[in-house]
Amino acid sequence: MTGWQFWIDRGGTFTDVVAVRPDGATVTHKLLSENPRRYDDAAIQGIRDLLEVDGGEPMPSHLIDAVKMGTTVATNALLERHGDPTALVTTRGFADALRIGYQHRPDLFALDIVLPEMLYENVVEIDERLSADGKVLVELDAEAARRDLAAVKAAGIDGVAIALLHGYRYTDHEARLASIAREIGFGQVSVSHEVSPLMKLVSRGDTTVVDAYLSPVLRRYVDRVRDGLGDGPRLSFMQSNGGLTEAGAFQGKDALLSGPAGGVVGMVRTAAAAGFDRLVGFDMGGTSTDVAHYAGALERTYETEVAGVRVRAPMIDIHTVAAGGGSILQFDGARLRVGPDSAGADPGPACYGNAGPLAVTDANVLLGKLRPEFFPRVFGPGGDEPLDVEATRAAFEALAVEVRAATGSDTTPEELAEGFLAIAVDNMANAIKKISVQRGHDVTDHTLVCFGGAAGQHACLVADRLGISRIQIHPHAGVLSALGIGLADTRHVVDEPVEAVLDDDLVASLDQTWHELGDRAIARLVEQGLEPRKVELAHRLALRYHGSDTVLRVDAGPRRDVVAAFEASHRAQFGFVSPDKAIVVESLQVEAVGAGEALPTVSTSGDGTALGSFDAVMGGRSVTAPFLRRPAASADPVLGPAVIVDATTTTVVEPGWAATTNRLGDLVLDRVEDRPHHAAVG
């Protein structure tokens, strides 16, 4: 390596940067994602800070080899409905197909059904119709389509999502409409047989609309980063599927879990190096908590709902709850609530000194688990300032008065803070149960891998809720998503519809299709600078029982092996198999993978320096807890209660836990005392 590499996770509250210097050493940096008083873009500013380049100087692009990024830009645009104006183009008679959807009712007894807001602003119905076997029932009226699309363009809409009936398989009409739209001058043209070439008009159409709605937002952000970097550095972005792609190929539909996916990759790579292979990922940042399960392979979902919108694209299976360090603490007159609203980066929690609301971070400050002298400084109204403990205490005292007035309960500020933390911990533990226990996984023999700036503060509490007895915290845990983005493979996924019964003749006939799909997938990675001989291919079949619409994906192979794998997966997920039913191959999938970077060596020069002993509240009682730097690998275990301070994260060792440092510098926490038993109500 001749230049710097920068691996960046631009989150909702903080932007994390891991930089690999030309000599192979790593350095880290964390800054607020939004800080208009100091900079325009956090990613570019993070690079400038580490290169020690003033904002007025040109970026020294010649010093940078590559920049790899994950970003919440697309996710935030979807959540806040700030995408670009988009029109849906579909077959006449199907204008309301996406609005009707699948008539799914998540709350069966709700009297007031509130449908999610549609992303498209206009619908253009096209005179055309194909049958399910590709026969032209109504020829495409190209001239009428041109007039209608020109009217949409004249109305100020610059993006179209084209999704015709059966267009996933018979693509001629969609391709002709796309050509017309580009001739008219639409800046964004998303076509369903390119975006999501699989059956089901509703999910295919929704995914195409999401792509058209978000891709222009992403493109503007990518261009802004490129302008800030200058010519030279390779720029890649993390996709939701856990792989990188070149900036020009980064699409809206693949960007919704860009940052969290990097965290899962980082978790798997660092835990494997430490010898752990059954993992529960616990990524707690400033805005939310992301959790994932791993037991030998990345777990993916291929159709999910994000912010009320159906999206069909390969994504690492990550469950998110609104419980981050910035989640706002509220009392609604009868009960305590944590989130879902967040204080964000600006104004941030009350302790940031920007007149922000009480948040989870404030609860840890009040309980003495976070102290201003050991916390990364934040940018308050007066510049670079430490935490404002007095603002936090005053806000909690005012809230305690409000609670006493409403309930008559003589609640102290510390009791309130512990109550809020208990709620946040329960929310996070329940999220982990959703992706593990509820799917039949026994997590008591797993390792809880904690990362994100706030995870270490709650690691022991969450582990106790789940019955987990071991926790791993990497030296770069506070920026592990950025580390994972840098370590990720480059990936490209190609799907092809089939819709045929699985038999020996079908398996034999697919050889040519597999070859063509593999060539297409490899070509996309070669375009991004990879050598063909370094690209590996994975072949998968999407299978379902005839008459069912639930698809399971298994590795391709001889028919006997495919059937066995499908039945094993079906039995594990649903508890039964139906040997008398035909198995249908819905689609083929080829994934091209180019291996990522090796795990960099991390300095393990921890010395366990004692920083002092301070009063804190842990486990419902007042304690005196030592604060110290991360201990060296040869040091004696640190028994809780204690607090271990790093540059990017703080780890609270609760009573009954002990922390040691392994040879790699990872902090490993073990339960050394039996968990306290609590009586259940009733």
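The values are calculated or read from the model by the stated rules, or taken from the named source; none is laboratory data. It should be emphasised that the depicted structure is a prediction, and the values quoted were computed from it without experimental measurement. Here the Cβ positions follow ideal geometry from the backbone for every residue, glycine too, while neighbour counts run over all protein chains shown. In case anyone asks, the SASA skips ligands and DNA or RNA and just uses the protein heavy atoms, side chains included. Shrake-Rupley method; radii C 1.70, N 1.55, O 1.52, S 1.80 Å.
The figures follow:
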{"item": "P58, sole failed condition from (1) open to solvent by less than 50 Å² (accessible area, probe 1.4 Å); (2) touching a residue at least 24 places away in the same chain (Cβ under 8 Å); (3) more than 32 Å from the chain's Cα centre (by Cα)", "result": "(1)"}
{"item": "Residue under evaluation D277, criteria (1) open to solvent by less than 10 Å² (accessible area, probe 1.4 Å); (2) more than 17 Å from E303 (Cα to Cα); (3) touching a Phe, Trp or Tyr at 6+ places or on another chain (Cβ under 9 Å), criterion not met", "result": "(1)"}
{"item": "Residue count, segment 185-207 (criterion: β-branched (V, I, T) and either at pLDDT 95 or above or assigned to a loop (DSSP other than H, G, I, E, B) (or both))", "result": "2"}
{"item": "Residue list for segment 394-405, restricted to those being hydrophobic (A, V, I, L, M, F, W, C) and surrounded by 13 or more Cβ atoms within 10 Å (Cβ to Cβ)", "result": "A394, A395, F396, L399, A400, V403"}
{"item": "Count of segment 37-55 residues which are under 25 Å from the mean Cα position of the chain (by Cα) and either farther than 22 Å from T648 by Cβ or surrounded by fewer than 15 Cβ atoms within 10 Å (Cβ to Cβ) (or both)", "result": "1"}
{"item": "Within segment 620-644, considering residues that are open to solvent by 70 Å² or more (accessible area, probe 1.4 Å) and not hydrophobic (A, V, I, L, M, F, W, C), the one nearest to A477 (Cα to Cα)", "result": "R629"}
{"item": "Set A429, A391, A463, A459: member being in contact (Cβ under 8 Å) with a residue 24 or more places away in the chain, in contact with a Phe, Trp or Tyr (Cβ under 8 Å, 6 or more places away or on another chain) and assigned to a helix (DSSP H, G or I)", "result": "A459"}
{"item": "Single residue of segment 319-371 satisfying the filter (touching a Cys at 6+ places or on another chain (Cβ under 7 Å) and in contact (Cβ under 8 Å) with a residue 40 or more places away in the chain) that is most open to solvent (accessible area, probe 1.4 Å)", "result": "T361"}
{"item": "Within segment 560-572, considering residues that are under 23 Å from E496 (Cα atoms) and surrounded by 13 or more Cβ atoms within 10 Å (Cβ to Cβ), the one nearest to the chain's Cα centre (by Cα)", "result": "S569"}
{"item": "Matching residues in segment 309-318 - criterion: being open to solvent by less than 30 Å² (accessible area, probe 1.4 Å) and over 22 Å from D283 (Cα atoms)", "result": "V309, V311, R312, A313"}
{"item": "Qualifying residue in segment 197-206 (condition: within 19 Å of A95 (Cβ to Cβ), open to solvent by 30 Å² or more (accessible area, probe 1.4 Å) and β-branched (V, I, T))", "result": "no"}
{"item": "Residues within segment 98-126 that are within 22 Å of K200 (Cβ to Cβ) and surrounded by 10 or more Cβ atoms within 10 Å (Cβ to Cβ), tallied", "result": "13"}
{"item": "Filtered residue count, segment 329-359, keeping only those that are in a loop (DSSP other than H, G, I, E, B) and among the charged types (D, E, K, R)", "result": "3"}
{"item": "Cross-chain or 6+ apart pairs with Cβ under 8 Å, segment 165-186 first and over 14 Å from E128 (Cβ atoms) and free of Cβ contacts under 8 Å to residues at least 40 places away in the same chain, then of a type outside the set (A, V, I, L, M) and open to solvent by less than 70 Å² (accessible area, probe 1.4 Å)", "result": "I184/K153; G185/K153; F186/K153; F186/D158; F186/G159"}
{"item": "Top-ranked residue of segment 512-535 - restricted to ones that are at pLDDT below 90 and under 12 Å from A595 (Cα atoms), ranked as least open to solvent (accessible area, probe 1.4 Å)", "result": "L530"}
{"item": "Conditions (1) farther than 30 Å from V67 by Cβ; (2) among the polar types (S, T, N, Q); (3) open to solvent by less than 60 Å² (accessible area, probe 1.4 Å); number of the one not met by S613", "result": "(3)"}
{"item": "Residue list for segment 573-605, restricted to those being more than 24 Å from A313 (Cβ to Cβ), surrounded by 11 or more Cβ atoms within 10 Å (Cβ to Cβ) and in contact (Cβ under 8 Å) with a residue 60 or more places away in the chain", "result": "A582, I583, E597, L599, P600, T601, V602, T604"}
